[in-house]
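Read the structure below first, then the notes.
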């Protein structure tokens, strides 16, 4: 599947993503953090906005929807569980739903925890997932509306995707996430190596995204709650994986 994907910074630390199908001319914005930033990205690429795919209702993901919809007439697709909270929504989707975006088929995975209705969009033919604020590079979203057990289950769904799936996330948090990850698993050689790459990227002003499922499985502590060495370090040997995840999340919350 030949899709063009363009990542660009928005607001303070958000990322916007445009997905363009050259065959049909269709262009989707993954969320709409800021209308001006999305518009500038569209102009830079010479693409016309036709869709907005919403991952969840937080303002820094939906703030630009109405302005962009008024200008372009684009179709807004978003989570069924948050339909009343998403401005301008035209179509709702839920777990297991599929829809077409040009020549690509998009799968919908419900990934609640950060918000109760959060969804992730996966395009298997392009080996790409748009995870919003559920999974970050070396991290995961705060649990604002769900429970730790719910969030852990959502992350396990994403962890089950093919390892070469490219993952686009909603924010540039990777450097701080990595520093925390090293506190949880300092002996992880893959993590140590990855942090050097991340530090170089950020020093050069470059994004650390997209990541991949394989990279996250090897280095992201929130996907590694099952690892015996981590359980032992946390004093939780024998505890259920989701409880270990909850402890890691709580430690991250505290800084």
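Values for this structure:
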quantity	calculated
Entirely in region 1-93, the strands (runs of 3 or more DSSP E) that have 2 or more residues that are free of Cβ contacts under 8 Å to residues at least 24 places away in the same chain	91-93
Residue 27 being at pLDDT 95 or above, surrounded by fewer than 16 Cβ atoms within 10 Å (Cβ to Cβ) and not assigned by TED's automatic domain parsing to the domain that holds residue 144	no
Restricting region 225-249 to residues that are touching a helix residue (DSSP H, G or I) at 6+ places or on another chain (Cβ under 8 Å), free of Cβ contacts under 8 Å to residues at least 24 places away in the same chain and farther than 16 Å from residue 185 by Cβ, the residue that is surrounded by the most Cβ atoms within 10 Å (Cβ to Cβ)	239
Of the criteria (1) surrounded by 14 or more Cβ atoms within 10 Å (Cβ to Cβ); (2) on the phi > 0 side of the Ramachandran plot; (3) modelled with pLDDT of 95 or more, which one residue 46 fails	(1)
Qualifying residue in region 97-108 (condition: farther than 23 Å from residue 214 by Cβ and crowded, with 21+ Cβ neighbours inside 10 Å)	yes
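Okay, residues lined up against (1) under 19 Å from residue 60 (Cα atoms); (2) buried (at least 20 other Cβ atoms within 10 Å of the Cβ):
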site: 112; (1), (2): yes, yes
site: 121; (1), (2): yes, yes
site: 124; (1), (2): no, no
site: 127; (1), (2): no, no
site: 132; (1), (2): yes, yes
site: 136; (1), (2): yes, yes
site: 145; (1), (2): yes, no
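The values are calculated or read from the model by the stated rules, or taken from the named source; none is laboratory data. Keep in mind that what you see is a predicted model, and the values were worked out from it rather than measured. Neighbour counts are summed over all protein chains in view; Cβ atoms, including those assigned to glycine, are modelled from backbone coordinates with ideal geometry.
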